[in-house]
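Here's the structure, in structure tokens; my notes come after.
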């Protein structure tokens, strides 16, 4: 089956990426470093350094570890959900075009 560019665009427009997916892939999925990535890395480093220096003050140690690992867990969970959501969207587009996921990826490339 020959898929034209118009057919592909029509199917992709029927299942558009929502703003959460666009934000994730725009800010975190690119090769370049941006303010979002730098801020998260710095927060993680600062919270872990604080934890290392605050071992003698047990409550502050645990608070800084909780903040560091909580931040990391939130970012990883959000990313996992966005990638899964996008894969479901791509599956719907491929199904509508009558293609397998590999054929769809080849077509998009």
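The values are calculated or read from the model by the stated rules, or taken from the named source; none is laboratory data. Note that the coordinates shown come from a computational prediction; the quantities given were computed from them, not determined experimentally. Here the Cβ is made from the backbone with ideal geometry for all residues, glycine too, and neighbour counts use every protein chain on show.
For the stretch 84-106, name all the residues that are closer than 21 Å to residue 22 by Cα and in contact (Cβ under 8 Å) with a residue 40 or more places away in the chain.
Filtering the stretch 84-106 down to residues closer than 21 Å to residue 22 by Cα leaves 84-94, 101, 104-105.
Passing the criteria: 85, 86, 89, 92, 93.
Report yes if residue 2 is surrounded by fewer than 15 Cβ atoms within 10 Å (Cβ to Cβ) and within 17 Å of the chain's Cα centre (by Cα), otherwise no. Working first, answer last.
Details: surrounded by fewer than 15 Cβ atoms within 10 Å (Cβ to Cβ): yes; within 17 Å of the chain's Cα centre (by Cα): no.
No; evaluated as a whole, the condition is false for this residue.
Got a sec? Which helices (runs of 4 or more DSSP H) wholly within the stretch 22-109 have at least 3 residues that are in contact with a helix residue (DSSP H, G or I) (Cβ under 9 Å, 6 or more places away or on another chain) and within 30 Å of residue 5 (Cα to Cα)? First the steps, then the outcome.
Values: elements: 35-53, 58-97, 101-108.
Result: 58-97, 101-108.
Taking the options 20, 28, 47, name whichever one is modelled with pLDDT under 85, surrounded by 12 or more Cβ atoms within 10 Å (Cβ to Cβ) and within 30 Å of residue 100 (Cα to Cα). So that I can check it myself, show each step before the final result.
Details: 20 fails: modelled with pLDDT under 85; 47 fails: within 30 Å of residue 100 (Cα to Cα).
Checking each option against the conditions leaves just 28.
Take residue 12 and tell me if it is under 30 Å from residue 2 (Cβ atoms) and touching a residue at least 40 places away in the same chain (Cβ under 8 Å).
yes
From the list 40, 60, which one is free of Cβ contacts under 8 Å to residues at least 40 places away in the same chain, within 20 Å of the chain's Cα centre (by Cα) and either at negative phi or surrounded by 13 or more Cβ atoms within 10 Å (Cβ to Cβ) (or both)? Show your work before the answer.
Details: 60 fails: within 20 Å of the chain's Cα centre (by Cα).
Checking each option against the conditions leaves just 40.
At positive phi and either surrounded by 11 or more Cβ atoms within 10 Å (Cβ to Cβ) or over 18 Å from the mean Cα position of the chain (by Cα) (or both): does that describe residue 79? Before you say what the answer is, go through the steps one by one.
Details: at positive phi: no; either surrounded by 11 or more Cβ atoms within 10 Å (Cβ to Cβ) or over 18 Å from the mean Cα position of the chain (by Cα) (or both): yes.
No; evaluated as a whole, the condition is false for this residue.
Taking residue 13, is it modelled with pLDDT under 85, under 26 Å from residue 79 (Cβ atoms) and in a helix (DSSP H, G or I)?
Numbers: modelled with pLDDT under 85: no; under 26 Å from residue 79 (Cβ atoms): yes; in a helix (DSSP H, G or I): yes.
It is false that residue 13 is modelled with pLDDT under 85, under 26 Å from residue 79 (Cβ atoms) and in a helix (DSSP H, G or I).
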